[in-house]
Each structure stands twice: as C-alpha cells, then as structure tokens.
1. Which whole-number percent gives the relative contact order of region 9-48, counting Cα pairs below 8 Å spaced six or more residues apart?
2. Sort 40-47, 228-235 by the packing proxy (mean of other Cβ within 10 Å over each peptide's residues), most packed first.
3. Please compare each pair in K4/K168; K60/K118; K100/K255; K60/K208; K221/K251; K18/K168 to a cut-off of 23 Å on the Cα-Cα distance and tell me which ones are over it.
4. Taking amide H positions as placed in the peptide plane 1.01 Å from N, state which residues far from L260 in sequence (5 or more) or on other chains have amide H under 5 Å from it.
5. Can you pull the one-decimal nm distance between simple spin-label points at I259 and E78, each 7 Å off the Cα toward Cβ?
6. So if each residue of separation counts as 0.36 nm, and I subtract the Cα-Cα distance between E246 and E133, what length gain in nm does that give?
7. Could you check the simple spin-label distance between E105 and E195, using points 7 Å along Cα→Cβ, in nm with one decimal?
8. Towards the positive end of the charge dipole of region 157-278, with charges on Cβ (+1 Lys, Arg; -1 Asp, Glu), say which of I232, G274, G264 has the farthest Cα.
Amino acid sequence: MSYKIIIDSCGELTREMKASGHFETASLQIDVDGYHIVDDETFDQADFLRRTKESSECPKSSCPSPERYMEGYHCEAEHVYAVTLSSELSGSYNSAVLGKNLYIEEYGEKDIHIFNSKSASVGETLIGLKIAECEEKGMSFQEVIETVDAYIEEQHTYFVLETLDILKKNGRLKGLKAVVATALNIKPVMGSTPEGSIQQLAQARGMKKALAKMVDEVAAKLTNPQEKILAIAHCNCEERAIAVKEMLLTKADFKDVIILDTAGISSMYAADGGVIIVV
C-alpha cells in the first residue's frame, strides 16, 4: 500500500526522511515582535535566536489550520498518517482531527489516522520512522495504528534547557510545582508525563551536571535499548548533544542514534543551548 506521513513542524525530519518521498511537514508559525516566521525549510535558527534575544516580548506560535491538514490528506496515498505535538501542549492534534473530518465531508472515507505523539521534537521524528517501518513491513492500516500506539506508550522524552521562560510564559508548565530558581544556576531536568504534559524529574547546579543527571534518568527507565533508536535534538549546541550521546553510549547499546538541530518550534521552546532526548 502507498502511504504518506505528515509531521507537524515541531518534529524534525532527517535528510533520509526528506528524500524518501513519504514525509511531509505541516508548518506551525511563529511571531516575534510582529515579525512572522513560517516554520519550514526557510527557517533561519540564528536569525530567530537573535530576534528572540533582542525582543522584550515572548515569541508566540500558532498551529497548522484544519484546512492545511485536509490539504495534506488529499493525495494519492492510500494510507495517510499525521503525527502531532502532544495535545497537552498544542492545538495541532485537534487541528489535524478537524482536518480529517473536513476531508471526509468533502471527499468521503479514507484511511487517515492522527497520532498524538504525547511528545515533541525528535519524539515525533521517531514516531514517523516507526510508522514507515511498519508500512515497509507490509502491515495493514490497523496493525500500523496498534503497533505505533504501543510504541508511543513506551516512549520517554527528557530535556534540559538554559531557561524555561518561554515554556512558562506560554502556559506550557501549568500545574507544575514552582520550578527551581535559575538565579542559583539550578537547571531542572524535565520530562514527559504519560499524558504528554511536562514534569520535573530532577535538578542540578549547572548545565554539565544537569545533562549528566538527565542521562541517569534516561538510563534508569531504559528497557531493550538494542531495539530502540536514541534521538537527540539540540538548539545551537551540537557539542552538548554529542557529549550526551557519548555518556549514554557508555550505559547502553542502541539500534541507532540520531542527532538533529531543532527546527523552529523546538528552537522556540528549547531556546539557545537546550538539549532534548527521546528514546
């Protein structure tokens, strides 16, 4: 069966994913002090980070419209999948579902399924790769959904950021107990909850110790690493990402390792120097 995978732009695509012809990005959009940015191939991370640093306002994002998703579903592929940012963090999932409803009203039934990643960034990347793997194995549409749903339930997301300000100001840390003071250079180690919201897992003084603590958190929850891909995203700090990879490789062997620089939305929330791990 022919298939297509639409991933909202919080999920980074590898070079191979872009070249495969099976993947498409549904772009979110960002506003920094009235300057409008589409999170697509034209995204300039250095320019964005500069604008954010110089702005007194917090950048704002908006998700793809239902019509954008509907347009993506209208294609020759027999099976169409969408992978979105956690529904706890963005309206992208709801937009994708509304887009499916619009498509059915306009064109009739089709095999379309929307996955709530319950993650972000390279969490979405890994889910996209899992869908493609299932399709290439010749699984039925329903088998792909069941297999990928089970994969999402087992997936864990972790991150350490230089600042949580943008997450906080955009209401993405609601319900979280007061996060420790950054004035003391205390860096919280954050992670996903099973529902796809954000929780604090640990903390350490300074980025180096916080990254090591994050690696310990990953290792503690790790099961069957040899069957899993380790994905690391970084915002303008490749050396940190490589250091994290090396630390993790002393603790476990993985099927593969992917390191990607954050795209627009992930850059907005991770901020300069942030590191995200998903496995």
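1. Numbers: 25 pairs, mean separation 12.4, N = 40.
Relative contact order of region 9-48: 31 percent.
2. Numbers: 40-47: 12.6, 228-235: 23.8.
Final packing ranking: 228-235, 40-47.
3. Checking Cα-Cα distances, K4/K168; K100/K255; K60/K208; K18/K168 exceed 23 Å.
4. I232, A233, H234
5. 4.1 nm
6. Value of the extension gain: 38.0 nm.
7. 2.9 nm
8. G274
Since every read-out is calculated from the coordinates, none of them should be taken as a lab result. The shown structure was predicted, so the numbers you read here are calculated from the model rather than taken from an experiment. Glycine also receives a Cβ, built like all others from the backbone with ideal geometry; neighbour counts cover every protein chain displayed.
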